[in-house]
Amino acid sequence: MARKGSRKTRTGCFTCKVRKVKCDEAKPECTRCSSTGRICDGYADPARAVSDQPRLLKTQSMFPSITRQEGRALQFFCELVGPNLPGTTDPYFWTHLVMQFSRYEPAVRHSIVAISSLYEDVVRVQDSPFDVGNEQIQNNTLALRHYNAAINQLTVMENQGLVLLVCLLFICIEFLQSNREIALRHCAHGTAILASADSASYKWVGQYLTPLFRRLSSLPFFFGSGPSDVLDLSISRYPIPDFFDNFSEAEGMIDDVFNQAMQVIRRGDTYRVGQKHDVPIPSELLEKQDIVLSQLNQWYAMFTDLEAGKGQTTSKSSRFGRAFALARYRICLIWLSNAFVRSEMGYDDFRDEFSKVVEETAEAAAEQNSTDIKTSPAFEMGFIAPLFFCAQRCRNLSRRLEALRLLKLLAAPQENLWDRDGMHALARRIIEIEHGVELSIEGRVTPGVQPKYSGLPPETTRIQQFNVEFVSGRQKNLYGHDVRGFKAMLFMRSTSGEIYLRPETLFEENPQLPDDVSQGHIGAVLFP
């Protein structure tokens, strides 16, 4: 009951209502919450539709000025896009925070309409490549119109926290078009804003946005053009605790340590297979390697203690999150330990760790029914990278074939800039070259064909490193059929120890061949 002489309001934020205190109704977050360190959970829409109305009408009642097409896009985002974008990570940003801000921030609303429309296009053309680039958005007038509207709104936005949120939405829009350079540019711009004192004053930024930018910081190590693209990792560093209270803390630390490991690894590439292969490794780089390896060991010890105290995880999402966290830990341990080793044979010392990645991921996959196979793209990096690494660098043939199978089963078709089918095709070809074997499009050994190297392959057949250039759009193969292809430059080592380049052109799809042409014949033509 309201106090005598005052009027009870129904328009305050959810947090103040729960606390039963008067809300000052400031937006995007009320001062009463922000000044006391609380998270303001936003406001209810005053024009909520009754529960028995159709969902589309409910969406349009929340946003009275939108068209039916825009309402459908918003509803599609709520029901499918938002829940799928986060992959194995916490979905709150996409399922709650974004929708909360969309009610009163036009730039957010325009952005999610563009995302929803592009997302639906990508899902619809699953049989086509994801690197559709500018052609896709030019054909999608709804997405283009709302993306431009969001950009116009952003130019007059003063709240740096909201600018960061919209920046993440812009990154997502570019991911869905596979616009690598623009996506990385947005990542760099957002990281610079994150470093400002203004954005740091918003507690919800640190809680919900900083973790996303922390994970995005790994992208330049895989998709950047060089050292100039690498982001300042200190901006989104995760403070190392004495122990983990929950899985979220463990996830935050492994996100950060993963980035640091990748930084050392990429700096080591030039000493391993690059121009400085005869130059001694700098002492400061070796010291950094030891520091990050120590942090990895610390993470695993605290994670083991957390699991011992919390008991076994039971939900499917937590099992996938656990498998993904452990996969990144083990991949970092293996890769970082070999960052300056000039022979690929060093990876053979970590066969047990490779096996654990495959086994732990397979355990999570065992909970997944055939109807659960991912067909929708994700904003976050998922299982593509760790499973590709296993297929690439574990030289146990049965293990790497299992990693190849899991890659197709567990990974989303697109995970930010990672393309599942492209990485599957590349891993498949690497296995064929290293073991002297022919694999089917699914990654199985051709019946009746014995691998030349059924055990560990020699150094001279092992791929040291690779560069990939995806071919834009669909291509015609030798027989006129549409396929999606890319060019790969494989770094290999000669018997004398010198690095040489082997060019490959690969297709993600099994080409349809005339009856009188064998798979071996086209393989010889395509992979000289």
Pseudo-spin-label distance Asp290 to Glu367, built 7 Å along Cα→Cβ, given in nm, is 4.0
Expressed in angstrom and rounded, the centroid-to-centroid distance over alpha carbons for region 329-388 and region 391-405 is 10
Computed about the Cα centre, the charge dipole of region 62-123 from +1 Lys/Arg and -1 Asp/Glu charges at the Cβ has a magnitude in debye, to the nearest 20, of 200
Stretched fully, the stretch from Asp278 through Thr67 gains (0.36 nm per residue minus C-alpha distance, one decimal, in nm) 69.5 nm
In this structure, among Lys356/Lys408; Lys452/Lys487; Lys203/Lys356; Lys288/Lys487, pairs with alpha-carbon gaps over 27 Å are Lys203/Lys356; Lys288/Lys487
Toy charge model, Lys and Arg Cβ at +1, Asp and Glu Cβ at -1: region 404-466 dipole around Cα centroid in debye, rounded to 20, equals 140
At q = 0.10, 0.16, 0.21, 0.26 1/Å the base-10 log of I(q)/I(0) from the Debye formula over the alpha-carbon atoms of region 225-312 is -0.34, -0.73, -1.02, -1.30
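Quick note: the coordinates plus some simple rules give every number you see, no bench work behind them. Predicted model only: the values in this text are computed from it and were never measured. All Cβ positions, even for glycine, are placed from backbone atoms using ideal geometry, and neighbour counts span all protein chains on display.
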